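Reviewing the structure listed below.
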Amino acid sequence: MKTIKIAGLLLGLLLSAGGCNDFLEEQNKSNVVADQYYATNEGYEKLINASYSSLRTVYAQPWVFCAGTDMYVTGRSTQPEGLSEYRNLIPDDPEVLTFYTNVYKSIQLINTALYFNDKTTNVSTLGARKGEMKFLRAYDYFLLVQTFGGVSIVTDRFTAPVESFKRNTAQEVYDFVIKEMTEALELVPETTPNFGRVTKRAVRHMLAKIYLTRGYETFAGADDFKTAATYADAAIASQTLTTSFETLFYPGNEKNSEILFSIQWDATSLPTATTGGNTQAAYFGPYMGGQGAVEGYPYRTYTLTPTMYVFDLFTQNDARFDATFMITYYQRYYDYYTRANERNTLTVKYYYAPKWASSAADIAAWRAADPTRRNNTIVYPNVGTAWEASQTVTLDNFTPTVKKFDDPSAQFGPTTSTRDFFVARLGETYLIAAEAYFKAGNTATAAERINEVRRRAAKPGAEAAMKITPSDVTIDYILDERARELVGEYHRWFDLKRTGTLIARARKYNKDVNKWYNNGVDPFQGVGGQNKILRPIPTRALDLNQGEFAQNPGY
């Protein structure tokens with residue numbers, strides 16, 4: 001008989017999730033009956049912490065967030081073909097199934113935490129904890145509705161198999177997400193002494209993004225864009241971007257006022273020193289050679305590499321270029337961090353010259369302007385598509401690495417970083433506000449919000465050159481600015497899907513997608529001539545469901 005095993009595919013319980021940094025720690029209480037333990041103060045707090053930890057698996061792989069967009073293409077290692085090229089994206093895709101399963105596991109764990117909220121005594125923070133869980137559950141459903149459209153809304157804690165679930169409409173899911181987030185806003189505190197817990201600013205940021213995203217839908221509310229702008233401004237709360245872009249992402253600075261919500265790791269919570277950590281650093285940039293373990297290089301899978309569109313977005317006035325990419329390579333990669341005070345005297349192996357320093361004279365001037373580049377012997381200028389990776393090109397230093405997520409404390413290996421993963425930060429809040437104001441018809445305020453991001457991004461003395469005017473604001477400009485600000489952060493597929501630009505931009509800038517158009521094949525076109533915009537509902541979820549649950553268009 002077909003059944004959905006709640007502990008399995010759809011609503012499995014992730015009680016073995018590792019504890020997060022600082023307050024997010026848990027213990028194995030296998031010798032205590034779960035229901036009794038979770039009704040205690042200690043047990044309930046561990047359940048809350050495990051719910052936070054469940055986001056680790058939701059973000060464990062980047063494909064559903066980044067692959068097949070205008071910003072990233074396949075490098076030395078292959079990406080899942082269905083998600084990166086669309087043509088062979090089918091309901092049996094294992095990456096889609098993993099994502100679908102992990103999000104629902106997270107939801108069921110949170111449902112369990114909410115179930116025990118009113119069964120726990122002598123906990124002074126029950127109201128705040130309820131708000132935190134509602135935030136997390138709403139965020140999980142926000143990820144699902146953007147990815148799959150309508151899905152099953154499940155709010156009960158299950159202890160036995162359930163045979164069928166109905167499919168709620170996308171409109172119903174958005175209504176539920178907004179209701180949950182709004183309730184969370186009333187319950188969580190404005191600030192917290194435990195960095196990483198949900199606060200009102202994090203909720204306002206997410207409400208802004210949710211209303212912004214729904215504003216593009218056919219069932220949008222009349223004031224969704226205005227509401228999004230209001231929530232974004234409330235999340236900003238008159239704060240300006242005071243930390244330099246490089247400092248913001250410099251290793252060790254993960255806990256600062258610009259980070260509104262992040263997923264935390266701690267080396268003591270990992271199974272071993274080489275497994276279970278944040279994999280974000282591993283996906284972006286070049287494999288540094290087989291001697292990486294000996295030389296102390298970071299491990300790179302060379303899987304998600306920026307397109308030439310990304311590299312060419314920056315100008316000589318934008319400090320985010322050097323802050324985003326590792327342009328100067330020393331004898332040992334991590335010398336950039338561990339011997340920062342000696343950079344002028346260190347031996348430089350090679351460096352990359354950007355497009356605005358493409359001629360010999362330009363390169364010489366660019367090199368002379370920065371003492372760290374004066375002793376270089378090898379230069380890789382940006383000529384044509386020289387920096388865009390290819391599976392047929394396996395040079396160790398073929399393309400600049402994204403350095404924003406480097407972790408000098410990590411061991412050699414793909415899953416060893418314990419850096420926090422930024423889910424929401426103030427720089428993006430400004431850009432959410434800008435898009436919302438633009439869609440509401442207020443280009444003047446949209447330009448003001450973008451200019452705050454560009455002011456922080458400007459090199460000293462280039463602030464005026466980086467400033468834009470209201471007439472510059474278009475949806476393409478906003479997407480370009482989001483690309484400059486958010487390289488390597490897991491937003492891009494959702495950005496393109498939200499704005500209705502996924503097909504056009506992937507075709508224009510992604511060589512892995514464009515190759516099919518050049519061969520007369522539309523990789524987005526699926527069954528019945530319908531475009532594959534939403535991801536497919538996994539076959540296994542459909543097969544095990546006794547209820548009515550239709551597949552998405554195109555599959």
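Cβ-Cβ distance of Tyr477 and Asn41, R₀ of 60 Å, FRET efficiency by 1/(1 + (r/R0)^6): the value works out to about 0.70.
In debye to the nearest 20, how big a dipole does the chain give about its Cα centre with +1 on each Lys and Arg Cβ and -1 on each Asp and Glu Cβ? Result for the chain is approximately 440 debye, rounded to the nearest 20. Residue by residue, segment 89-104 carries 3J(HN,Hα) couplings of 6, 10, x, 8, 4, x, 5, 5, 4, 4, 5, 4, 5, 5, 5, 5 Hz when phi is fed to the Karplus relation 6.51 cos²θ - 1.76 cosθ + 1.60 (θ = phi - 60°); x denotes Gly or Pro. Defining a contact as two alpha carbons under 8 Å apart and six or more residues distant in sequence, what relative contact order in percent does the chain show? Worked out over the chain, it gives 22 percent.
With the Cα gyration tensor of segment 452-505 giving a ≥ b ≥ c as the square roots of its eigenvalues, does the rule (a/c under 1.5 for rounded; else a/b larger than b/c for prolate; else oblate) give rounded, prolate or oblate? Taking the square roots of the gyration eigenvalues as a ≥ b ≥ c, segment 452-505 is oblate. Calculated from the structure, volume of the Cα convex hull per residue in Å³ equals which of (1) 156; (2) 148; (3) 382? Label of the calculated value: (1).
Taking the average, over residues, of other Cβ atoms within 10 Å as the packing measure, peptides 463-473, 55-65, 348-358 rank 55-65, 348-358, 463-473 from highest down. Each of Thr159, Ala170, Val103 was placed along the dipole of segment 71-176 (beta-carbon charges, centred on the mean Cα), and the one lying farthest toward the positive end is Thr159. Full extension of the chain between Gln316 and Ala237 gives 25.3 nm of extra length, using 0.36 nm per residue less the Cα-Cα distance.
Overall form of segment 428-555: prolate. Here a/c, set by the Cα gyration tensor axes a ≥ b ≥ c, is 1.5 or more, and a/b is the larger of a/b and b/c. Taking 23 Å as the limit for the C-alpha separation, the pairs Lys200/Lys403; Lys508/Lys532; Lys105/Lys511; Lys130/Lys200; Lys134/Lys200 exceed it in the case of Lys200/Lys403; Lys105/Lys511. Here the relative contact order of segment 61-182, from alpha carbon pairs under 8 Å that lie six or more residues apart, stands at 21 percent. Using the rule -39500 (n - 2.57) for each DSSP H run of four or more residues, divided by the residues of the chain, the 222 nm mean residue ellipticity is -12000 deg cm²/dmol. For segment 420-486, relative contact order (Cα pairs under 8 Å, six or more residues apart, normalised by length) works out to 35 percent. Distance from the C-alpha centroid of segment 64-89 to that of segment 448-490: 27 Å, rounded to the whole angstrom.
Excluding Gly215 itself, what net charge comes from residues whose Cβ is under 13 Å from its Cβ, given Lys and Arg +1 and Asp and Glu -1? Computed value for this residue: +1. Only one residue of Tyr477, Ala457, Ala447 has its Cα farthest out toward the positive end of the dipole of segment 439-503, where Lys and Arg carry +1 and Asp and Glu -1 on Cβ, and that residue is Ala457. State whether segment 130-188 is rounded, prolate or oblate according to the following rule on the C-alpha gyration tensor (a ≥ b ≥ c being the square roots of its eigenvalues): a/c under 1.5 gives rounded; otherwise a/b larger than b/c gives prolate, and the remaining case gives oblate. Oblate shape, in that a/c is at least 1.5 and b/c is the bigger or equal ratio.
Listed peptides 130-141, 229-240 appear in the order 130-141, 229-240 once ranked by packing, highest mean of other Cβ atoms within 10 Å at the front.
Every number here is computed from the coordinates shown, using simple stated rules; none is lab data. Values in this document were obtained by computation on a predicted structure and should not be read as measured data. Glycine also receives a Cβ, built like all others from the backbone with ideal geometry; neighbour counts cover every protein chain displayed.
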